Amino acid sequence: MSSLHSKSAAVVAVCDALAAGATPPRVQLREAVRVLLAGLADRAPGRSVEVRVPPYGAIQCVAGPRHTRGTPSNVVETDPVTWVLLATGRIEWLSAVHSGRVTVSGPRSDISSYLPV
């Protein structure tokens, strides 16, 4: 487990709950999503891709042309559980995209090189 994960008891608790087949508590899931999004923003600074994990958070990351108004051209969107699994390396990017668990648009939306966080 990386130092980012060890800094957040919520990430550990959510991963443990998911591994046990349980539904993680909403408060812990929200915190885990936000910690992992912040980790991605640190790892891939920039504003060319928007990563959305409704209802808990969204960030802009990845170097390149900056998005400032309207709908961004490079978007990654997924649910909170899938985001935690992706960001911690428990599922693979291509598998999540091909199965529809992650939706992507735009030429810069492949963030697989930054995962796991």
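Rule-based calculations on the coordinates, nothing more; no lab input. Predicted, not measured: the structure shown is a model, and the values here were computed from it. Cβ: placed from backbone, ideal geometry, glycine included. Neighbour counts: every protein chain shown.
Assorted remarks:
- GluC sites (Glu not before Pro) restricted to DSSP loop in segment 16-117 with at most 16 other C-beta within 10 Å: GLU92
- Looking at segment 29-108, the trypsin sites (Lys or Arg not before Pro) that sit in a DSSP loop and have at most 10 other Cβ atoms within 10 Å of their own Cβ are ARG66, ARG69.
- Here's the picture: charge each Lys and Arg Cβ at +1 and each Asp and Glu Cβ at -1 in the chain, and of ALA32, VAL75, ALA96 the one pushed furthest to the positive end of that dipole is VAL75.
- Distance from the C-alpha centroid of segment 84-116 to that of segment 26-61: 13 Å, rounded to the whole angstrom.
- Efficiency of FRET between VAL12 and ALA38 - r from beta-carbon atoms, R0 25 angstrom, step 0.05: 0.95
- If R0 is taken as 22 Å, the Cβ-Cβ distance between LEU94 and ALA63 corresponds to a FRET efficiency of 0.45.
- A Cβ-based charge dipole, computed about the Cα centre of the chain with Lys and Arg at +1 and Asp and Glu at -1, lands at about 300 debye.
- Residue-count net charge about PRO80 - beta-carbon cut-off 14 Å; Lys, Arg +1, Asp, Glu -1: +3
- Here the gap between ARG26 and ASP79, fully extended at 0.36 nm per residue and compared with their Cα-Cα distance, gives a gain of 17.8 nm.
- For segment 26-91, size of Cβ-based charge dipole, Lys and Arg +1, Asp and Glu -1, in debye: 100
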